[in-house]
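One structure is given below, encoded as C-alpha cells.
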Amino acid sequence: MIAALDTFVAVLVGFVVFPFLFAAGIDPGSGGPGGIFVSLTTAFAGIPGGRVLGIVFFGMVGLAALSSAISILEVLVSYLIDELGVARMPASIALGVAVFLLGVPVTIDLIFLDLFDLLADGILLVLGSLLLALFVGWVIPKAAREELERGIGDLGALGTAWIWVVRVPIVAVVLVSLYLGVVDYVDFLTGGFAEWLAAR
C-alpha cells in the first residue's frame with residue numbers, strides 16, 4: 001500500500017508539474033534539482049500569484065525534505081546509540097551539525113547539488129540496493145522468505161521463485177545500474193565539475 005501510494009503521488013505530481021511548466025513555456029530539462037530549483041522557480045515567477053504559490057510549493061518541498069531527513073538521520077542516530085552507547089541528544093546534535101555542514105556547499109553553487117545528487121542517487125542508493133539484494137538472496141534467503149510469508153501467507157513454489165529472482169535478475173539489473181551510475185558520475189567529474197573548478 002505504501003509503495004502504491006508513493007507511486008500514485010509521484011504520478012499525480014507529474015500531472016500537475018509538467019503541464020504547469022509547458023504552459024509557462026519552460027523546458028522541464030533533465031528534472032531533478034534543476035527541475036525544481038530552476039525551471040519551477042522561473043515558471044512561478046511568470047504567472048499571477050506565482051510568488052504565493054511558490055512559497056506554498058517550496059514550503060511543502062521543505063517539509064517533505066525535512067521529514068525524509070529526520071527518518072534517514074534516525075538510522076545513524078540509532079546506530080550510535082545501540083552500537084557505541086552514545087546518548088540520543090549528543091548523537092542527534094552531532095549528526096545534525098555534520099549533515100548541515102555537508103549541505104553548506106550547495107548554498108554556494110548548484111553544481112554541488114548535482115555533485116551530491118549524482119553520488120547519492122546514481123551510486124550510493126544503487127549500491128545499497130545491490131547489497132540488500134545480495135544479503136536477502138544469498139545470506140538470509142530462508143529468513144527473508146519466512147518474513148515475507150508472515151506478511152502475505154504461504155507462497156509455496158512462488159517463494160523459491162522469488163528468492164531466485166532476487167538472486168539473479170535483480171542483482172544483474174542493479175549491477176548494470178551501478179555501472180551506469182559510476183560512468184555518469186565520472187563523466188560529470190571530468191566534464192562539468194572539472195570546468196567549474198577550472199573557471200574558479
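Test of understanding: among 29, 54, which residue is modelled with pLDDT under 80 and out of contact with any strand residue (DSSP E or B) (no Cβ under 6 Å at 6 or more places or on another chain)?
29
Test residue 164 against the stated conditions and say whether it is farther than 21 Å from residue 118 by Cα and either assigned to a helix (DSSP H, G or I) or touching a Pro at 6+ places or on another chain (Cβ under 7 Å) (or both).
Yes.
Scanning the stretch 165-200 for residues that are aromatic (Phe, Trp, Tyr) and surrounded by 13 or more Cβ atoms within 10 Å (Cβ to Cβ), which turns out nearest to residue 122 (Cα to Cα)?
185
In the stretch 47-80, which residues are over 24 Å from the mean Cα position of the chain (by Cα) and either loosely packed, with under 12 Cβ neighbours inside 10 Å or on the phi > 0 side of the Ramachandran plot (or both)?
Answer for the stretch 47-80, where residues must be over 24 Å from the mean Cα position of the chain (by Cα) and either loosely packed, with under 12 Cβ neighbours inside 10 Å or on the phi > 0 side of the Ramachandran plot (or both): 48, 49, 51, 52.
Kindly indicate whether any position in the stretch 88-102 is closer than 19 Å to residue 185 by Cα, of a type outside the set (Val, Ile, Thr) and within 20 Å of the chain's Cα centre (by Cα).
Checking the stretch 88-102: at least one residue is closer than 19 Å to residue 185 by Cα, of a type outside the set (Val, Ile, Thr) and within 20 Å of the chain's Cα centre (by Cα).
Each row is one residue, and each column tells you yes or no for (1) buried (at least 16 other Cβ atoms within 10 Å of the Cβ); (2) farther than 17 Å from residue 183 by Cα.
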site	(1), (2)
102	no, yes
105	no, yes
108	no, yes
112	yes, yes
118	yes, no
121	no, no
128	no, yes
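The values are calculated or read from the model by the stated rules, or taken from the named source; none is laboratory data. It should be emphasised that the depicted structure is a prediction, and the values quoted were computed from it without experimental measurement. Counting neighbours? That spans all protein chains shown, and the Cβs are built from the backbone with ideal geometry, glycine included.
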